[in-house]
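Have a look at the structure below before the remarks.
Computed from the coordinates by the stated procedures, all read-outs in this text should not be read as laboratory data. Predicted model, so just to flag it, every value in this text is computed and none were measured. All Cβ positions, even for glycine, are placed from backbone atoms using ideal geometry, and neighbour counts span all protein chains on display.
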Amino acid sequence: MTERYDIAVIGGGNAALSAAMTAAEAGARVLILETAPKAYRGGNSRHTRNFRCMHRGPLGPLIDDYTEEEYLADLLQVTGGKTDEQLARLAIRTSKDCLSWMQDRGVRFQPPLSGTLSLARTNAFFMGGGKSLVNAYYRTAAKLGVDVLYEAAVTHLELQGDRIARVDYTHRSEGHSLSPKAVVVASGGFQADIDWLTRAWGPAAQNFLIRGTPYNRGAVLADLLDQGVESIGDADQCHAVAIDGRAPKYDGGIVTRLDCVPFSIVVNNNAERFYDEGEDVWPKRYAIWGRLVAAQPDQVGHAIIDAKSINLFMPSVFPPIKAGSLEDLAGKMGLRADKLRATVEKFNAACGDTSAFHPTELDGVATTGLNPPKTNWARPIAEPPFYGYSLRTGVTFTYLGLKVDDRAQCRTAEGPIQNLWAAGETMAGSILGQGYLAGFGMTVGTVFGRIAGAEAAKHADP
Amino acid sequence: MQTLDLIQEARRQAGICNACRYCEGYCSVFPSMHAGRAFSDGDIVQLANLCHNCRGCYYACQYTAPHEFDLNLPAALAEVRRDSWESFAWPQLLARRFHTHGGAVALVSVLGFALILWAIRGLGGNGDGFYATLSHTAMVAIFVPAFLLPSVSIGIGLRRYWRSVGGQRVRLSHLMTAFGKAVRMKDLAAGHGEGCNFEDEDRFSHARRYAHQAILYGFLLCFASTSAGTAMHYGFDLHAPYGFWSLPKLLGVPGGILLTIGCGWMAVLKRQSDPALGDVRAWGGEKAFVLLLGFAGLSGLLLYGLGQTPLMPALLALHLGAVLAFFLLTPFTKMAHGFYRSAALIRDAQRIDTADRKN
């Protein structure tokens, strides 16, 4: 079977499928090597729900305009400027053509979900979420003649000079090799390898939860970096959010998210506040709270809210801890009761006029003389029953990845590797140096998946 | 499992769905579910009866087994749904005998044939055509109670349902919205209008929707045919047999064809589908019901085609027996779904109406 395929695509999520379909449409014979079993195919794409899309005028489910400059400004804001602007602009500009490209390959869109109206202009939601997108792509790929091997774990890419000469993988616990003309790596980050995370983060990483697929262990990434393929990004940078501390270790996905932070105070295990909970609307701040919680003792936070705020955010899958008094709540959450009461009283005393409170806008209802302050939605925590959620760091994907150019091609210090391309989370660190912009992962995956597939097909058919 | 266990399991799953919401665009279930934070038993029963088992949400779900959340909402709601029909049914003695017992459906059908045969032998005919075999008076004596008793039973069941889901006074606009969805079977079309996931895993297809509509409209045409015959008999003194260019035949023949093809198609689709995404225990009962309904249509057509042959008396017994069994079993078989789903759609129209008024 070595000679049967022009292109091996490593990975089975959005980026891999985008590359595989594009290459197959160009006439290439494509094999997808997906580590996961069929039930878990699709990597982190299974858990996604939308992609961020530039557009002029209404487009599909998207309203108004979302211009290149505004999109880029949003990106620069979350990355603090740590981005490759050329690649960022490429992703942004191409995103506007992606929507119809996706529709043509079976993806269907729906209006923004209830509770996510703030994304109606910028993010196009997949009907049924990311798994239905993945299902549609696998069906389309099959029609295009793409073959898929599930439970096929790539163990080694043999780099000889400026070419990948061989792909080694195991399938049903037997070793195999093939030598395709071109290889596309779209196998995600390494976040599910807790040991690697621990090397990058220190022991704190043992307490992290992995929000997505348990199959992204970075085996191919590590193998390529070992052989001198150039990397981008820092090993301790990732898309990390604060999620419900009761979430499963892996694969908890969207339902473990907590949107209550702006209406709460968040304390650490010492019952002390550590950051402005009301800095901005949650969709613009959720991605920094993973790191904030990671920096606290035992990597835990506790969001405390009272009765008047319990219905202001989308429900989590886990019911909140509920108590009639702050002391009882502290007891149930393993906090010192006197310290929690002191923190809440100090916060309450710093709250002022709350008549302008508005849950979905920056309302300027702020504390005075408190450090750290709460700059919006600051209302006293006073009305029983009291509710608490424990927060932990949930890692979506890591940013240390393969450095690519605007043709998605990988390189070593000596120059480009002639037949190796990368797409998706495994190269997203090129654009996301830090922080995260909702829906951008799927944009990067689609844009660079298509580029990688087209370039690989061009190479395979000279 | 007991009613409360079934509701509890559906509630557990709905809690996960409500925190995800990815399936919001597929059907009427999710917008209704996402309107609340906690689900009473009545809420779960309402959601269950809104669900058309299109299975789009199952194949789109990232939390199905082997994931530890083990979501299978179509199955959980199907079990609650069937259990709700059994709980609301009157008389209770018969409530749990047929949904999960295909054999019992077959037995009643055989008893139906036997009763008609006995009537033919014992009461005999008096008139032209079929009436030469079984008199009009005898048919009326059998079918008037066979129609009225199930109607009363369904009415009692619906009233119990309406109370349990907190239904309000029905307005014309609610009916328009609800039946507007039902006539197009919108909830089997997915939000993007490409059908449901039934006979071939996650592939969207209109097959089940079209088969269902063939059955629905075939049944309605047959019912209209009988009603037309009744009106002609009593209102205009026009007695059967009727020629082809008469209202009963013009409605009944296409109706019988649609009903037969629809039921056959549905039976095939059902066999191709994954039973684990529905109410596994009711699979046999549903299958028997589809076959009985299809047989009622087919035997009616055969009776029309072979009515002038010596086979007629036997075919008449089979057809009338099937129709008799079908009517009597309506409150206790899958046929009840049409009434409860319509009620659920009306209740949902009320919910949307109330929400719109608040905004």
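Please give the net charge around A:Tyr387, taking every other residue with its beta carbon less than 9 angstrom from that of A:Tyr387, where Lys and Arg add +1 and Asp and Glu add -1. Write down the numbers at each step before the final one.
Values: positive: A:Lys322; negative: A:Asp306.
Its environment carries a net charge of 0.
In chain A, Cα pairs under 8 Å separated by at least six residues give a relative contact order of 24 percent. Loop-resident trypsin sites (Lys or Arg not before Pro) (DSSP state other than H, G, I, E or B) in segment B:37-127 with no more than 15 further Cβ atoms inside 10 Å of their Cβ: B:Arg37. Of the GluC sites (Glu not before Pro) found in segment A:1-35, the ones in coil according to DSSP and having at most 12 other Cβ atoms within 10 Å of their Cβ are A:Glu3. The antiparallel fraction among DSSP beta bridges confined to the protein assembly as shown stands at about 75%.
Applying D = kT/(6 pi eta Rh) to segment A:240-394, where Rh is the Kirkwood radius over alpha-carbon pairs, T corresponds to 4 °C and eta to 1.567 mPa s, the Stokes-Einstein value obtained is 85 µm²/s.
Run through every distinct alpha carbon pair of segment B:293-340 and return the Kirkwood hydrodynamic radius in angstroms, one decimal place. Before the final figure, lay out the partial values.
Details: mean 1/r = 0.0877 Å⁻¹.
With all distinct Cα pairs of segment B:293-340 included, I get 11.4 Å.
Backbone geometry of segment A:308-321 corresponds, through the Karplus equation with coefficients 6.51, -1.76 and 1.60 at θ = phi - 60°, to 3J(HN,Hα) couplings of 6, 10, 4, 9, 8, 9, 5, x, 8, 6, 9, x, x, 6 Hz, x marking Gly and Pro. Over all Cα atoms in segment A:24-65, the spread is summed up by Rg and Dmax: 16.3, 41 Å.
Rg and Dmax over the alpha-carbon atoms of segment A:339-396 stand at 13.1, 38 Å. Taken over the C-alpha atoms, the protein assembly as shown has Rg and Dmax values of 31.5, 102 angstrom.
Which three numbers, in whole Å and largest first, are the semi-axes of the equivalent ellipsoid of segment B:92-358 derived from its Cα gyration tensor as √(5λ)? Numbers along the way, then the final one.
Numbers: eigenvalues 229, 93, 76 Å².
Values for segment B:92-358, descending: 34, 22, 19 Å.
Loop-located GluC sites (Glu not before Pro) in segment A:327-361 (DSSP state not H, G, I, E or B) with no more than 16 neighbouring Cβ atoms inside 10 Å: A:Glu361. Spin-label model, B:Ala38/A:Asp406: points 7 Å from Cα along the beta carbon direction are separated by 5.8 nm.
Across bins of 20 angstrom width beginning at 0, how are the C-alpha pair distances of chain A distributed, in whole percent? Pairs per bin, as whole percents: 25, 53, 20, 2.
Placing a label point 7 Å from the Cα of A:Arg163 along the Cα-to-Cβ line, the residues of segment A:222-264 whose backbone N sits under 20 Å from it are A:224, A:227-230.
For a 4.7 Å threshold on C-beta separation, the list of partnerless cysteines in chain B reads B:Cys17, B:Cys20, B:Cys27, B:Cys51, B:Cys61, B:Cys222, B:Cys263. Helix A:337-350 axis versus longest C-alpha principal axis of chain A: approximately 80°, rounded to the nearest ten. By how many degrees, between 0 and 90 and to the nearest 10, does the Cα long axis of helix A:14-25 differ from the longest principal axis of chain A? The angle comes out at about 30 degrees. Measure nothing fancy, just the Cα-based angle from helix B:73-88's long axis to the longest principal axis of chain B, in degrees from 0 to 90, nearest 10. That works out to roughly 50 degrees.
Which order do the peptides A:209-215, A:177-183 take when ranked by the mean count of other beta-carbon atoms within 10 Å per residue, highest first?
Working: A:209-215: 24.6, A:177-183: 20.7.
My ranking of the peptides, most packed first, is A:209-215, A:177-183.
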